[in-house]
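The values are calculated or read from the model by the stated rules, or taken from the named source; none is laboratory data. Small disclaimer: the values here were computed from a predicted structure and weren't measured. Because the Cβ atoms are built from the backbone with ideal geometry, glycine has one as well, and the counts that use them run over all protein chains shown.
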């Protein structure tokens, strides 16, 4: 419990620091928020007036405290470009991102863990060789290229799946697989090495001496031991998926948080950009916190301290 | 089928042996070829007796035990020839499935390091329950009762609570008791204990040995105890087989072996033992090291370290000869 409390405090500190960093980074990145809203023909006076209205002429730390104050009262503000309510944007696009991210996250483990077990059990066989080759390829191929390649193959050439759009199951398949690919590749590798490491432990011999079946020893005891590092790194997979979602959502035209954030940054839509950056950071940081909790749950040795 | 015919040469008055190892060869495959790590090993385990297998580190004691349990890390280590006859069946010929029925139910084994030999992410009770229910039709409640009873019998305090403990919550001695309890819960005919006290501190060692001895007697069980510690042998063994470089070089009753050791390697082991009654007497180590499996001398394997080696010992490999209750592999035995 002490461990979990410590990690929680740490998580809150990281969240606070990253909110400051995001706030400054957006303002220091150049460009002009005003041009997002006002037409190019707007006069200097009009621009200054608008800037004053948004409080952009105040020192950045004053803007920060004002912004955080409003955030804490759930006043998220509106987009500068189309005046849309940011909370509505969050629920609408967040739902899409959640579907895509959850699908990718599930694929990482549903595909990665069994393949890793297969590779470990059939070590040095052709099956192991193919799985590990696939894993190396999955880690080496950049996801934007994999996205383009899969669109070309499955959408343009074979015509099996749509190339873009939202939100049917068919439209979900390509972006989810592309988003999951690197996670699958890493999970295969980790599962294989953790399985092999635990298969060589003394306790396996004790269980064999107890007459347990190989299926139970490998599928239950060794797997459960091997899952300790995999569960603890599951949170990192979430972080990875969130990061890659920016690219994959843009390529596949999937209207999620990533796409919103990319557009907002391009247009210097400060309120949208900083809020959605914070959302993504919060997801990553919270998933790491979750990973720590998960590690404690998965590993009895850490539970009672 | 075969056990009636393998009348053990070293068999005492205790009737037919429970287990007979005959001419066992176990080899390790390496890139440089295959080498015997256990060579021509034969011995019997009789009903109700404790047979100790002693010898220096790396002499093949553990591999012999793992061969009986069919727990060798195959590949690279495997039995190449010989028989291990248990209840009329040659264990070396059984399918993996059939061997599993023998393990824990009829022959159990406990291991040296209780810290690493228990599954860290399952409770004591989960594993014991699984072992019981793998072999017997028992409900979870029945398995729990059986487990708690045996945990109590091996001297684990608060067995009901320990049933739900994880191994990391237990001390080394408690973990070894858990391992013993798991090995004994199905009331096997033979318990193989591979250096069960080596990793424990001295006071706990004595408790564990005493517990093993009393369980062995109460259950009319046979025990094969592997150790390099002659003090352990003296306190628990009925009979002793001494191994050197993969071979059994001498076998005798415990009294005979301590009072009248014949093989120079046995004598060396005894000279290296401190003795309370002989104060200030120097301990004499056996000079040199066990030769590695790939560099075995063609003659007697102990010849390079033997103070009494003859010409013959260097050229010819001595056979294992049995006279009455004593077995010996030596051309030139010396009085101690």
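Applying the criterion of being within 12 Å of another protein chain (Cβ to nearest Cβ) and more than 28 Å from the chain's Cα centre (by Cα) to the residues of region B:151-170, the residue that is surrounded by the fewest Cβ atoms within 10 Å (Cβ to Cβ) is B:164. Would you be able to say whether some residue in region A:223-234 is more than 14 Å from chain B (Cβ to nearest Cβ), without any contact (Cβ under 8 Å) to a residue 60 or more places away in the chain and either surrounded by fewer than 21 Cβ atoms within 10 Å (Cβ to Cβ) or assigned to a helix (DSSP H, G or I) (or both)? Yes; the residues of region A:223-234 include at least one that is more than 14 Å from chain B (Cβ to nearest Cβ), without any contact (Cβ under 8 Å) to a residue 60 or more places away in the chain and either surrounded by fewer than 21 Cβ atoms within 10 Å (Cβ to Cβ) or assigned to a helix (DSSP H, G or I) (or both).
Residue by residue, here is whether (1) closer than 13 Å to residue A:107 by Cβ; (2) more than 14 Å from chain B (Cβ to nearest Cβ); (3) in contact with a helix residue (DSSP H, G or I) (Cβ under 6 Å, 6 or more places away or on another chain) holds:
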| position | (1), (2), (3) |
| --- | --- |
| A:163 | no, yes, yes |
| A:170 | no, yes, no |
| A:183 | yes, yes, yes |
| A:190 | no, yes, yes |
| A:199 | no, no, yes |
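Determine, yes or no, whether residue B:72 is free of Cβ contacts under 8 Å to residues at least 24 places away in the same chain, more than 8 Å from every other protein chain (Cβ to nearest Cβ) and buried (at least 16 other Cβ atoms within 10 Å of the Cβ). Against the criterion (free of Cβ contacts under 8 Å to residues at least 24 places away in the same chain, more than 8 Å from every other protein chain (Cβ to nearest Cβ) and buried (at least 16 other Cβ atoms within 10 Å of the Cβ)), residue B:72 does not qualify.
Scanning for something within 11 Å of chain B (Cβ to nearest Cβ), over 16 Å from residue A:99 (Cα atoms) and not in a helix (DSSP H, G or I), does region A:203-211 turn up at least one residue? Taking every residue of region A:203-211 in turn, at least one turns out to be within 11 Å of chain B (Cβ to nearest Cβ), over 16 Å from residue A:99 (Cα atoms) and not in a helix (DSSP H, G or I). The set of residues in region B:118-150 that are crowded, with 24+ Cβ neighbours inside 10 Å and either farther than 30 Å from residue B:72 by Cβ or facing chain A (nearest Cβ under 7 Å) (or both) comprises B:118, B:119, B:131. Look at (1) more than 14 Å from chain A (Cβ to nearest Cβ); (2) at pLDDT 90 or above; (3) part of a loop (DSSP other than H, G, I, E, B) and you find that residue B:2 fails only one, number (2). In summary, helices (runs of 4 or more DSSP H) completely within region A:1-81 and bearing 2 or more residues that are over 26 Å from the mean Cα position of the chain (by Cα), modelled with pLDDT of 75 or more and surrounded by 11 or more Cβ atoms within 10 Å (Cβ to Cβ) occur at A:44-54, A:60-72.
Conditions tested, residue by residue: (1) touching a helix residue (DSSP H, G or I) at 6+ places or on another chain (Cβ under 8 Å); (2) more than 14 Å from every other protein chain (Cβ to nearest Cβ); (3) under 30 Å from residue B:169 (Cβ atoms).
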| position | (1), (2), (3) |
| --- | --- |
| A:262 | yes, yes, no |
| A:269 | yes, yes, no |
| A:272 | yes, yes, no |
| A:275 | yes, yes, no |
| A:280 | yes, yes, no |
| A:283 | yes, yes, no |
| A:289 | yes, yes, yes |
| A:295 | yes, no, yes |
| A:300 | yes, no, yes |
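Can you go through B:256, B:325 and tell me which one is modelled with pLDDT under 85 and either under 30 Å from residue B:46 (Cα atoms) or buried (at least 17 other Cβ atoms within 10 Å of the Cβ) (or both)? Give the steps one after another, and end with the answer.
Working: B:256 fails: modelled with pLDDT under 85.
The unique qualifying residue is B:325.
Taken over region B:90-116, the residue count meeting the criterion of being outside any helix (DSSP H, G or I), in contact with a helix residue (DSSP H, G or I) (Cβ under 8 Å, 6 or more places away or on another chain) and either more than 9 Å from every other protein chain (Cβ to nearest Cβ) or closer than 23 Å to residue B:44 by Cβ (or both) is 9.
When the residues of region A:212-221 are narrowed to those that are within 9 Å of another protein chain (Cβ to nearest Cβ) and assigned to a helix (DSSP H, G or I), which ends up farthest from residue B:183 (Cα to Cα)? Steps first, please.
Taking region A:212-221 as the starting set, the residues that turn out to be within 9 Å of another protein chain (Cβ to nearest Cβ) are A:212-214, A:216, A:220-221.
Narrowing the set further to residues that are assigned to a helix (DSSP H, G or I) leaves A:214, A:216, A:220-221.
Working: A:214: 18, A:216: 18, A:220: 20, A:221: 18 Å.
The qualifying residue farthest from residue B:183 (Cα to Cα) is A:220.
Residue-level analysis places residue B:81 outside the set of residues that are part of a helix (DSSP H, G or I) and either surrounded by fewer than 16 Cβ atoms within 10 Å (Cβ to Cβ) or more than 9 Å from chain A (Cβ to nearest Cβ) (or both). Screening residue A:214 on (1) out of contact with any strand residue (DSSP E or B) (no Cβ under 8 Å at 6 or more places or on another chain); (2) buried (at least 23 other Cβ atoms within 10 Å of the Cβ) shows it passes everything except condition (2).
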